[in-house]
1. Explain nothing, just the number: dipole magnitude of the range 2-140 about its Cα centre with +1 on each Lys and Arg Cβ and -1 on each Asp and Glu Cβ, in debye rounded to the nearest 20.
2. Taking the Cα centroid of the range 1-33 and of the range 91-141, what is the distance between the two, rounded to the nearest whole Å?
3. Which whole-number percent is the relative contact order of the chain (Cα, under 8 Å, 6+ apart)?
4. Compute the semi-axes of the equivalent ellipsoid of the chain, taking the square root of 5 times each eigenvalue of the Cα gyration tensor, and list them largest first in whole Å.
5. Suppose R0 equals 35 Å; then what is the FRET efficiency for Gln139 and Glu83 from their Cβ-Cβ distance, rounded to the nearest 0.05?
6. Through the Karplus equation 6.51 cos²θ - 1.76 cosθ + 1.60, θ set to phi - 60°, convert the phi angles of the range 115-121 into ³J(HN,Hα) values in whole Hz; use x for Gly and Pro.
7. Say each of Lys22 and Ser129 gets a label point 7 Å from the Cα, pointing the same way as Cα to Cβ; how far apart are those two points in nm?
8. Once you order the gyration tensor axes a ≥ b ≥ c over the Cα atoms, which shape class does the range 62-105 get: rounded for a/c under 1.5, otherwise prolate or oblate by comparing a/b with b/c?
Amino acid sequence: MSWFQKEIRLNERRRGCHLVHKEIVGQLPELKNYKIGMANVFLQHTSASLMINENFDSDVQKDMEMGLNKIVPETFPYIHTAEGPDDMPGHLKSGIVGVSLNIPITSGKLNLGTWQGIYLCEHRNSGGSRRVVVTLQGQTK
């Protein structure tokens, strides 16, 4: 059983849901060394989130953002407002969607479905670059 861990920095993105699958995998050449195992992808932030969703139609990204904004509106009378009107809704969205993914590894690749990809959901207007810790565990080749 082999373990590997790496911190990845994702480029800054505007508010919305962004497909970051290639950006993450592109910074993980070590993945190819794993025959079978698990990858944990953990976002080190409280106003953004990670999800797995459809990776083909870009309308999914727009609809996901629209849906999250409907579920968690900025106009709610939040108490925590010191960091701006998009901060507390960002915390709520992050809590609902989550900041961690567990993905199987098979033959040196993330074993996702044909139409699945990793998304970064940026819930702030200016969230900055984001840090992700990826932990790989499994049998190496």
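1. On the way: 15 positive and 14 negative charges, 93 e Å.
For this selection, approximately 440 debye.
2. 8 Å
3. Values: 302 pairs, mean separation 76.2, N = 141.
Over the chain, the number comes to 54 percent.
4. On the way: eigenvalues 179, 49, 27 Å².
With the √(5λ) rule applied to the chain, the semi-axes are 30, 16, 12 Å.
5. Numbers: r = 44 Å, r/R0 = 1.25.
Computed FRET efficiency for Gln139 and Glu83: 0.20.
6. Listing the rounded values in order: 9, 9, x, 8, 10, 9, 9 Hz.
7. The modelled label-to-label distance comes out at 2.0 nm.
8. Values: a/c = 3.32, a/b = 1.74, b/c = 1.91.
Oblate shape, in that a/c is at least 1.5 and b/c is the bigger or equal ratio.
The values are calculated or read from the model by the stated rules, or taken from the named source; none is laboratory data. This one's a predicted model, so the numbers in the text were calculated from it and none came from an experiment. Ideal geometry is used to build each Cβ from the backbone, glycine not excepted, and the neighbour counts take in all protein chains shown. Protein only, heavy atoms only, side chains kept; ligands, DNA and RNA dropped before computing areas. Shrake-Rupley method; radii C 1.70, N 1.55, O 1.52, S 1.80 Å.
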